[in-house]
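Heads up, the thing below is written out as structure tokens.
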Amino acid sequence: SLEETVQKYWKGVMRADRGLPPNKVVADQKENVDAFRGTIPVISSLRNKNLKERHWDKIQDIIGKTILRDDSFTLNKLMEMKVMDFA
């Protein structure tokens, strides 16, 4: 699952943080993984197959953008729309 994968990355970053001398690469990775960890609840909610059209309408109203949910619909597109800023 996504949660398990992110947790593995987090553990790896924490091992690197403890095992390596302080450096910018580890600090940057730690920040990136931690920021992504914060998006997991939003991603999980948006993946819910029970979301109805009215839910998507509400999400679009909140973010002020139209979300095209066609074959090109990806997590990356949501990230580009800064959907996570509204969590």
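The values are calculated or read from the model by the stated rules, or taken from the named source; none is laboratory data. No experiment lies behind these values; they were computed from the predicted model shown. Glycine also receives a Cβ, built like all others from the backbone with ideal geometry; neighbour counts cover every protein chain displayed. For the accessible areas, the whole protein counts, side chains as well, though only heavy atoms, and no ligand, DNA or RNA atoms are used. Shrake-Rupley method; radii C 1.70, N 1.55, O 1.52, S 1.80 Å.
With respect to Val26, is the statement that it is in a helix (DSSP H, G or I), surrounded by 13 or more Cβ atoms within 10 Å (Cβ to Cβ) and either in contact with a strand residue (DSSP E or B) (Cβ under 8 Å, 6 or more places away or on another chain) or touching a residue at least 40 places away in the same chain (Cβ under 8 Å) (or both) true? Please lay out each step first, then the result.
Details: in a helix (DSSP H, G or I): yes; surrounded by 13 or more Cβ atoms within 10 Å (Cβ to Cβ): yes; either in contact with a strand residue (DSSP E or B) (Cβ under 8 Å, 6 or more places away or on another chain) or touching a residue at least 40 places away in the same chain (Cβ under 8 Å) (or both): no.
No; evaluated as a whole, the condition is false for this residue.
From the residues in region 44-86 that are acidic (Asp, Glu) and not in a helix (DSSP H, G or I), which one is most open to solvent (accessible area, probe 1.4 Å)?
Our first condition is that a residue be acidic (Asp, Glu); within region 44-86, this holds for 53, 57, 61, 70-71, 80, 85.
Those left that are additionally not in a helix (DSSP H, G or I): 70-71.
Values: Asp70: 80, Asp71: 165 Å².
For region 44-86, the residue satisfying everything is Asp71.
Scan region 1-23 residue by residue and report those that are outside any loop (DSSP other than H, G, I, E, B) and either within 27 Å of Ile62 (Cα to Cα) or of a type in the set (A, V, I, L, M) (or both). Give the steps one after another, and end with the answer.
Step one: of region 1-23, the residues outside any loop (DSSP other than H, G, I, E, B) are 2-19.
Within region 1-23, Leu2, Glu3, Val6, Val13, Met14, Ala16 qualify.
Six or more apart or on different chains, Cβ under 7 Å: which pairs go from a residue in region 44-72 that's within 15 Å of Asp85 (Cα to Cα) to one that's part of a helix (DSSP H, G or I) and open to solvent by 70 Å² or more (accessible area, probe 1.4 Å)? Could you list them?
Filtered contacts from region 44-72: Ile62/Phe86; Ile63/Phe86.
Output the residue which, of all residues in region 1-23 that are free of Cβ contacts under 8 Å to residues at least 12 places away in the same chain and small (Gly, Ala, Ser), is most open to solvent (accessible area, probe 1.4 Å).
Ser1
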